[in-house]
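Step one of this worksheet: look at the structure below.
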Amino acid sequence: MVRNLVKQHIVKNLWQYALLFVIFLMGTVVGVINATDLDGPTRTHLVQIIDNFLKGEDIGSQGGYRLFFTAFINQARVIAMIWFLGLTVIGIPFIFAIIFFKGFSLGFTLGFLIKEKAWQGILMATASVVPQNLLYIPLFLAWAVTGVNFSLCLVRGRFSRGSALGPGLVTYTGLMLVFLSVFFLGAFIEAFLSPWLLDLVVK
């Protein structure tokens, strides 16, 4: 049943998903390009951090509940920001900007690791970046679509009457809480699984 509901949602909002996915891909490409062009003190500092990992530092010890809490709070802030932007009639371009920046961050990280460490960088990226993003990316796209749709409803005046706005806002906020609960799993992967996999790679 859930699978059918998800499928219907995607079909119903296909153009929104297509547009946001293209924006995400554009951000990823720009991130990769910037990573390959990076030079100077910033590049040196990042390379030094990676080299410290490769020298045998126990990356897994940096995980745990502290990293779990940090990872969840970071993602929750973005979810809350999209929620707020969806409440405004001018929030759609900013939601697009958030998705672009998410793509940029991912592209920059992957591009830098692969450029500096070649095949070893691919292994590090696969272990430390890919697992949680397999969950994060679809969730962010789905939540961004929800925010865009709510903002469009405001623009079109569907919630112009107070009686209609209340239930819509409650549903919208309830969906945010559902997304936040699923992001717990992503934070768990980022805090426990990814550091463990990365520790295996560098050793």
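The numbers here are math on the coordinates, done by the rules we state, and not lab data. Source: prediction; values computed, not measured. We place every Cβ from the backbone using ideal geometry, glycine too, and count neighbours over all the protein chains shown.
Could you tally up the Lys pairs in the chain with alpha carbons closer than 29 Å? Skip any pair fewer than 8 positions apart unless they're on separate chains.
The number of close lysine pairs in the chain is 9.
Tilt of helix 65-86 relative to the longest C-alpha principal axis of the chain, in degrees (0 to 90, nearest 10)?
Compared with the principal axis, the helix lies near 30 degrees.
Can you list the equivalent-ellipsoid semi-axes of the range 118-203, largest first and in whole Å, using the square root of 5 times each Cα gyration tensor eigenvalue?
40, 13, 5
Can you work out D for the range 1-44 in µm² s⁻¹ from Stokes-Einstein, where Rh is the Kirkwood radius over C-alpha pairs, the temperature is 20 °C and the viscosity is 1.002 mPa s?
This corresponds to a translational diffusion coefficient of 165 µm²/s.
Work out the charge dipole of the chain with +1 on the Cβ of Lys and Arg and -1 on the Cβ of Asp and Glu about the Cα centre, then indicate which of 101, 130, 140 is farthest towards its positive end.
140
So how do 39, 51 line up by other beta-carbon neighbours within 10 Å, fewest first?
39, 51
Starting from the Cα of residue 177, step 7 Å along the direction of its Cβ; do the same at residue 115; then give the gap between the two resulting points in nm.
About 4.5 nm separates the two model spin labels.
About the Cα centre of the chain, how large is the charge dipole given +1 on each Lys and Arg Cβ and -1 on each Asp and Glu Cβ? Please answer in debye to the nearest 20.
So the magnitude is around 820 debye.
Across 10 Å bins from the origin, how do the percents of Cα pairs in the chain run, short distances first?
So the P(r) values, bin by bin, are 8, 29, 33, 19, 8, 2, 0.
As I understand it, the value is the acute angle between the Cα axis of helix 162-188 and the longest principal axis of the Cα atoms of the chain; what does it come to in degrees, rounded to 10?
20
Please give the helix 130-156 orientation as an angle from the longest Cα principal axis of the chain, in degrees from 0 to 90, rounded to the nearest 10.
That helix lies at roughly 30 degrees to the long axis.
What is the gain in length, in nm to one decimal, between residue 48 and residue 89 on full extension, counting 0.36 nm per residue of separation less the C-alpha to C-alpha distance?
Working: separation 41, 0.36 × 41 = 14.76 nm, distance 4.48 nm.
This chain segment gains 10.3 nm when fully extended.
Before anything else, pin down the relative contact order of the chain: Cα pairs under 8 Å, at least 6 apart, normalised by residue count, whole percent.
37
What's the extension gain from residue 10 to residue 33 if we count 0.36 nm per residue and subtract their Cα-Cα distance?
Using 0.36 nm per residue and subtracting the Cα-Cα distance, I get 5.2 nm.
Go through the range 98-184 and name the trypsin sites (Lys or Arg not before Pro) that are in a DSSP coil and have 13 or fewer other Cβ atoms within 10 Å of their Cβ.
Passing sites in the range 98-184 are 158, 161.
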